[in-house]
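Values in this text are rule-based calculations from the coordinates and carry no lab data. Just so you know, these numbers come straight off a predicted model, no measurement behind them. Don't worry about glycine lacking a Cβ; one is built from the backbone with ideal geometry, like all the others, and counts go over all protein chains shown.
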Amino acid sequence: MSFIDVDRLRASLLPAPESGHFVQEDGGEGLALTPAAVLFPIVVRDGGHTVLLTQRTAHLRDHAGQISFPGGRVEDDDPSPVYTALRETEEEIGLAREHVEVLGFLPEYRTGTGFRVTPVVALVHPPFSLALDPFEVAEAFEVPLAFLLDTGNHKRHSLHYRGALRHFFAMPYGDYFIWGATAGMIRALCERLGLQGA
């Protein structure tokens, strides 16, 4: 699946955000939730589709050093999750919105750290240039979509957090350890595409 069938992908997604339909991360039950939105950017490359990810800088308050989708908190004057995702993506990595074709949404993802995230799935059409915000983003890189959608690459892990054993998926890729909410949203896309596995 180096190239994804865009019609199949679009058909698997929600046409609009649905707050009543969500994925709950282990350990996040009962937390007050801050609304956020991220862009799940699938880059249309000649050699196969890729996913554009970022590594957050080590000093940030939330999810420091983690691999993440570009995105962030919803501001009071943001009219929609799409607007938030595109605004945050421009601020974090300098990806201009004219390169982004929104396809649809994954179910809201509620994190163990108190965010309710709307994942906005989109195609990104090259050529484009990036300009990273050095305060928030240490690096931007691409991972083959085929690797991320292969559930054989999804490894189960656990850790002790807030006094309990929490379980999560991770997708190690070279020197990158993709886990947490990012891995959870990738798993959600696999499920909606009907890809079975671990």
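Sparsely packed loop sites in region 42-141 (the GluC sites (Glu not before Pro) outside DSSP H, G, I, E and B with at most 13 other Cβ atoms within 10 Å) comprise Glu75. Counting only Cβ charges, +1 for Lys and Arg and -1 for Asp and Glu, the dipole size of the chain around its Cα centre is about 720 debye.
In plain terms, the chain is cut at each of the trypsin sites (Lys or Arg not before Pro) found in a DSSP loop with at most 10 other Cβ atoms within 10 Å, and the longest leftover piece is 62-161.
Taking amide H atoms as placed 1.01 Å from N in the peptide plane, the amide H of Ala131 lies under 5 Å from those of Gly94, Leu95, each 5 or more residues away in sequence or on another chain. In terms of surrounding Cβ atoms within a 10 Å radius of their Cβ, Tyr109, Tyr176 rank from fewest to most as Tyr176, Tyr109. Backbone geometry of region 33-43 corresponds, through the Karplus equation with coefficients 6.51, -1.76 and 1.60 at θ = phi - 60°, to 3J(HN,Hα) couplings of 10, 9, x, 8, 8, 10, 9, 9, x, 9, 8 Hz, x marking Gly and Pro.
Counted residue by residue at 0.36 nm each, then reduced by the alpha carbon distance between them, the extension gain from Glu101 to Arg10 reaches 31.6 nm. Just the number, please: Stokes-Einstein D of the chain in µm²/s, Kirkwood Rh from C-alpha pairs, 37 °C, 0.692 mPa s. Calculated translational D: 194 µm²/s. Taken one residue at a time, the phi angles of region 189-194 give Karplus couplings (6.51, -1.76, 1.60, θ = phi - 60°) of 5, 4, 5, 5, 7, x Hz. Gly and Pro are set to x. Each residue of region 6-17 was assigned a 3J(HN,Hα) from its phi angle through the Karplus curve 6.51 cos²θ - 1.76 cosθ + 1.60 (θ = phi - 60°); the sequence is 5, 5, 5, 4, 4, 5, 7, 8, 6, x, 8, x Hz, with glycine and proline shown as x.
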